[in-house]
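Okay, structure first, notes after.
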Amino acid sequence: MKILMLTWEYPPRIVGGIARVVNDLSKRLIKDGHEVTVVTYREGNAPYFEDDKGVKVYRVDNYMINPNNFIDWVMQMNFNMVAKASEIIAKEGAFDVIHAHDWLVAYAAKTLKNSYDIPIVSTIHATESRKKFRNSR
């Protein structure tokens, strides 16, 4: 199976647990005989492409120099992920499934699903809960 992983963090960019999960899962899927391609955000001097023990990792820049807010940053990253994934599909053919990691890549995942008729699996990694606040009256 050809699997496209979309994530906003992948080593060496580690913000939280997503990078570790996607890295470990991708390498396990490779061992099980699947083809895995990761499209992620590029930070610092990370290479635009690398073969990470069989996992093809493509990184995209975020061209907004000073985004107005985090949502603008996320949208620009998603546009760049769609462009990169479309380029990969044009060269290597369609994927069997898209695995979207967290809400930050949802726009790219949905766009690619609708454009190429690829099923999506999504993992939401953050499960914050809010404490109930007492009425201050």
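Just so it is clear, none of the values below were taken in a lab; they were calculated from the coordinates. Everything quoted here is computed from the prediction, not taken from an experiment. FYI the Cβ positions are ideal-geometry reconstructions off the backbone, even for glycines, and counts take in every protein chain you see.
Amide H contacts of SER122 (H built 1.01 Å from N, in plane; Pro and chain starts excluded): ALA100 sit under 5 Å, all sequence-distant by 5 or more or on other chains.
Beta bridges per DSSP, both residues in the chain: antiparallel share near 20 percent. For the chain, a/c is not less than 1.5, where a ≥ b ≥ c are the root eigenvalues of the C-alpha gyration tensor, and a/b tops b/c. That puts it in the prolate class.
For the pair the range 67-115 and the range 1-44, the centres of their Cα atoms are 14 angstrom apart. The protection proxy used here, the mean number of other Cβ atoms lying within 10 Å of each residue, ranks peptides 6-15, 44-53, 24-33 as follows, highest first: 6-15, 24-33, 44-53. Applying the Karplus relation 6.51 cos²θ - 1.76 cosθ + 1.60 with θ = phi - 60° to the range 89-96 yields 3J(HN,Hα) values of 4, 4, 7, 10, x, 6, 8, 7 Hz, where x marks Gly and Pro. The Cα atoms of the range 74-128 give a gyration tensor whose axes a ≥ b ≥ c have a/c of 1.5 or more with a/b no greater than b/c, which makes the shape oblate.
Mean residue ellipticity, 222 nm, helices only, the chain: the sum of -39500 (n - 2.57) across DSSP H runs of n ≥ 4, divided by residue count and rounded to 500, is -11500 deg cm²/dmol. Tell me the GluC sites (Glu not before Pro) within the range 52-129 that lie in a loop according to DSSP and have at most 11 other beta-carbon atoms within 10 Å. Hits after loop and neighbour filter: GLU128.
Cross-link partners of LYS31 among aspartates and glutamates, defined as those whose alpha carbon lies under 17 angstrom from its own and excluding same-chain residues fewer than eight positions apart: ASP51, ASP52.
Axis of helix 18-31 versus longest Cα principal axis of the chain: the two differ by about 30°, to the nearest ten degrees. Would the range 1-71 count as rounded, prolate or oblate if I go by the C-alpha gyration tensor, calling it rounded below 1.5 in a/c and otherwise prolate when a/b exceeds b/c, oblate otherwise? Here the range 1-71 falls in the prolate category.
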